[in-house]
Amino acid sequence: MADCTKKTPRWLLMALVVGMALCGVDGGWANEPDAWKQLFTDGVKAREAAHYAEAEQLLQRALREAEQAGPDDARVATAANNLGLLYHDQGRLQEAQSLYTRALAMWEQHLGPEHEDVAAALNNLAEIAHAEGDWGRAEPLYERVLAIERKVLGAAHPDVAISLNNLAELYRKQGRETAAESMYHLALILMEEARGTDHPDLGPVLNNLAVLYKGRGLYAWAEPFYLRALKMRRLRFGDEHPAVAMSLNNAACLYQAEGLYASAQRYFDEALAIAERTSGPQASLTGTIVGNMAFLADEQGLWTQAQLLYQRALVVQQAQLGLHHPTVGLLVERYARVLDTLGQPVEAGLFAARAASIRARVQPGVVRQGSAMRQGPAVGELTR
């Protein structure tokens, strides 16, 4: 989640779908022509600035030019991986997965199974599985990443801290909170020692600790972590960036849980405005914020407002996550209740039946996470 200036081949770039790091790498192309390096670097910078249309053009061109040099050119894997990061940011998960898989195959073939570039691609594939709610597929990938990094980089390396954070977030969602909390704190210690206490790379760990404490009802513990993460992201990215929208969204969720509805609404409004400007009205980030605003209206008895917000959130999240994702299931369930309250029993019954069908399809752990927490943090909070 840092910028791309360090000399090690692993580049940690900001992830925007369901708080953990995604990894970009330089792939050993330092001696390539300056024109290609500039093209690629411009694409990476455009992505970091959330200028997604510009970034897509640049990174697609970088990939095409690398492919013209031959299918085994080292730049092909690098460009593919970083174009995958861009699609991942936009919620285009299947396109991202295809590119990550391509990069992984090349790196494993040319660098061996225990190279840090291989770990980067594995991490990104784990993030896809995590975003899709396939935790059984994500866990062994995260564990393999962590094992490679500890062996290659050493146990105190900041990349190890990021991987600990990622695995801890998975554990939290599985209900393994004690293990998750220990991992979060170890990740925070390692990151602070490596980067300092005010570095933006700490943002995801701080945010995820806040989510953990909020889930336990420890709101006074959670708030300073949320606000510290928000401050770091504003300093690093400026006000107009999806990462800032994420932090605003999460702070709003906390204030909603505390019953501070006016503060929650204010933070959601700012988050939504930033998300729409930077990610677009159809992005998964935007859909998440709109869904949370629906929960807020629902909780206050503003049924008509909630109905419209649920409708919008469902359109976005179904397109981005698929019809059977647990996030979609929770939105459908809450929407059915609102329809029933508004005196539309037939429509409510249809949506309630659909929600039950989604619950039956997903992993039991996903269902427990969604139903056990009042506003469904799996939907409501972004933990990257």
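The values are calculated or read from the model by the stated rules, or taken from the named source; none is laboratory data. These numbers come from a predicted model, not from an experiment. Note that we place each Cβ from the backbone using ideal geometry, even for glycine, and neighbour counts take in every protein chain shown.
Summary of computed values
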read-out: Those residues of segment 73-119 which are over 24 Å from the mean Cα position of the chain (by Cα) and at positive phi, in sequence order; value: Gly112
read-out: Residues being crowded, with 23+ Cβ neighbours inside 10 Å, farther than 15 Å from Ala313 by Cβ and over 18 Å from the mean Cα position of the chain (by Cα) - total across segment 270-296; value: 0
read-out: Any hit, segment 193-202, residues being hydrophobic (A, V, I, L, M, F, W, C), in a helix (DSSP H, G or I) and over 22 Å from Asn249 (Cα atoms); value: yes
read-out: Any chance Gln97 is polar (S, T, N, Q) and modelled with pLDDT of 95 or more; value: yes
read-out: Single unsatisfied condition, Leu206 versus (1) assigned to a helix (DSSP H, G or I); (2) surrounded by fewer than 20 Cβ atoms within 10 Å (Cβ to Cβ); value: (2)
read-out: One residue from Leu314, Leu272, Leu308, Leu296 being in a helix (DSSP H, G or I), not small (Gly, Ala, Ser) and not assigned by TED's automatic domain parsing to the domain that holds Leu342; value: Leu272
read-out: Qualifying positions in segment 302-340 - hydroxyl-bearing (Ser, Thr, Tyr) and either farther than 20 Å from Gly91 by Cα or at pLDDT 95 or above (or both); value: Thr304, Tyr310, Tyr335
read-out: Verdict on Ala50 being in a helix (DSSP H, G or I) and of a type outside the set (Lys, Arg); value: no
read-out: Selection from segment 224-269 of residues that are outside any helix (DSSP H, G or I) and crowded, with 19+ Cβ neighbours inside 10 Å; value: His241
read-out: Candidate set from segment 273-285 (those that are out of contact with any Leu (no Cβ under 9 Å at 6 or more places or on another chain) and not acidic (Asp, Glu)); member that is modelled with the highest pLDDT; value: Ala273
read-out: Residue list for segment 97-155, restricted to those being among the small types (Gly, Ala, Ser), outside any helix (DSSP H, G or I) and surrounded by fewer than 17 Cβ atoms within 10 Å (Cβ to Cβ); value: Gly112, Gly154, Ala155
read-out: Residue in segment 304-321 that is touching a Phe, Trp or Tyr at 6+ places or on another chain (Cβ under 7 Å) and not acidic (Asp, Glu) present; value: yes
read-out: Pair list, Cβ < 8 Å and 6+ apart or interchain, from segment 238-257 residues that are within 16 Å of Ala46 (Cα to Cα) and of a type in the set (A, V, I, L, M, F, W, C) to residues that are at pLDDT below 95 and surrounded by fewer than 24 Cβ atoms within 10 Å (Cβ to Cβ); value: Ala243/Arg236; Ala243/Phe237
read-out: Residue pairs meeting the criteria (Cβ under 7 Å; at least 6 apart or on separate chains; first more than 12 Å from Leu321 (Cβ to Cβ), in segment 278-296; second acidic (Asp, Glu) and assigned to a helix (DSSP H, G or I)); value: Thr286/Glu276
read-out: Residue ID - nearest to Ile162 (Cα to Cα), chosen from residues in segment 209-223 that are buried (at least 24 other Cβ atoms within 10 Å of the Cβ) and among the small types (Gly, Ala, Ser); value: Ala210
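Matching residues to (1) under 22 Å from Pro326 (Cβ atoms); (2) modelled with pLDDT under 95; (3) aromatic (Phe, Trp, Tyr):
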position: His130; (1), (2), (3): yes, yes, no
position: Gly133; (1), (2), (3): yes, yes, no
position: Gly136; (1), (2), (3): yes, yes, no
position: Val152; (1), (2), (3): no, no, no
position: Ala161; (1), (2), (3): no, no, no
position: Ala179; (1), (2), (3): yes, no, no
position: His185; (1), (2), (3): no, no, no
position: Leu188; (1), (2), (3): no, no, no
position: His199; (1), (2), (3): no, yes, no
